[in-house]
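Here the structure is laid out as structure tokens; the discussion comes afterwards.
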Amino acid sequence: MNQKVILDAEKVIADLASKEGAGYCTLALIDEDGFPSASTVSILKSDGIKTLSFCGGLGDNKAKRAANCNRASICVNSLYYNITLVGTLEILTDGETKKGMWNAFCNEYWTGPEDPDFCVFRFHTQRYNLYVNEGMAEGKL
């Protein structure tokens, strides 16, 4: 049963990532006062539930918070599913990764993949709690 629920969750995330900036989820990080702080981000790429990637700016609160404490949580939900992932957030600034993530959505916020403020956030799942298609799964990767 776990494998079917995981595959269903991966399909949901892949579908959101295919929407080029319109597939949203919530990212929670610890703020400078030690409290959880949640914000909406757009999933731009994923590798199943193992890794999810987003774009952002180095001057954003998300980047500052992740640099201070990289523990994070992702929640993707609707009336039909709740996908909660817990893990770490990595900030990537190398040119190859930035070029590989660049799409039309990014044009609204940065001048190009070479923009010094542009970065990629890559979330690495360590554990999950899934409810998809009336199936439930909880575990560690």
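The values are calculated or read from the model by the stated rules, or taken from the named source; none is laboratory data. Just so it is clear, the model here is predicted, and its values are computed rather than measured. Cβ sites come from the backbone with ideal geometry, for glycine too, and all protein chains shown count toward neighbours. Only protein heavy atoms, including side chains, enter the accessible area calculation; ligands, DNA and RNA are left aside. Shrake-Rupley method; radii C 1.70, N 1.55, O 1.52, S 1.80 Å.
Key figures
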{"quantity": "Identity of the residue in region 1-18, of a type in the set (D, E, K, R) and under 14 Å from the mean Cα position of the chain (by Cα), that ends up least open to solvent (accessible area, probe 1.4 Å)", "calculated": "GLU10"}
{"quantity": "Candidate set: region 1-24, residues that are of a type in the set (A, V, I, L, M) and not in a helix (DSSP H, G or I); chosen: the one modelled with the highest pLDDT", "calculated": "ALA22"}
{"quantity": "Cβ-Cβ under 8 Å pairs, at least 6 apart or on other chains, region 57-76 side at negative phi, far side part of a loop (DSSP other than H, G, I, E, B) and β-branched (Val, Ile, Thr)", "calculated": "LEU58/THR93; VAL76/ILE43"}
{"quantity": "Where a residue in region 96-108 is farther than 10 Å from VAL120 by Cβ and its partner, wherever it lies, is part of a helix (DSSP H, G or I), with Cβ under 6 Å and at least six apart", "calculated": "none"}
{"quantity": "Members of region 44-56 that are part of a strand (DSSP E or B) and either in contact (Cβ under 8 Å) with a residue 60 or more places away in the chain or touching a His at 6+ places or on another chain (Cβ under 7 Å) (or both)", "calculated": "THR51, LEU52, SER53, PHE54, CYS55, GLY56"}
{"quantity": "Residues (within 26 Å of MET136 (Cα to Cα), of a type in the set (A, V, I, L, M) and surrounded by 15 or more Cβ atoms within 10 Å (Cβ to Cβ)) located in region 32-77", "calculated": "VAL41, ILE43, LEU44, ILE49, LEU52, ALA72, ILE74, VAL76"}
{"quantity": "The one condition in (1) open to solvent by 60 Å² or more (accessible area, probe 1.4 Å); (2) touching a residue at least 12 places away in the same chain (Cβ under 8 Å); (3) in a strand (DSSP E or B) that PRO116 fails to fulfil", "calculated": "(3)"}
{"quantity": "Subset of region 92-133 (residues that are within 15 Å of ILE43 (Cα to Cα) and in contact with a helix residue (DSSP H, G or I) (Cβ under 6 Å, 6 or more places away or on another chain))", "calculated": "VAL120"}
{"quantity": "Where THR84 falls short, out of the listed (1) in a loop (DSSP other than H, G, I, E, B); (2) open to solvent by 30 Å² or more (accessible area, probe 1.4 Å)", "calculated": "(1)"}
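Condition check ((1) within 15 Å of the chain's Cα centre (by Cα); (2) under 21 Å from ASP94 (Cβ atoms); (3) modelled with pLDDT under 95) across all residues:
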| position | (1), (2), (3) |
| --- | --- |
| THR26 | yes, no, no |
| LEU29 | yes, no, no |
| GLU32 | no, no, yes |
| ALA38 | yes, no, no |
| ASP47 | yes, yes, no |
| LEU52 | yes, yes, no |
| CYS55 | yes, yes, yes |
| GLY59 | no, yes, yes |
| ALA72 | yes, yes, no |
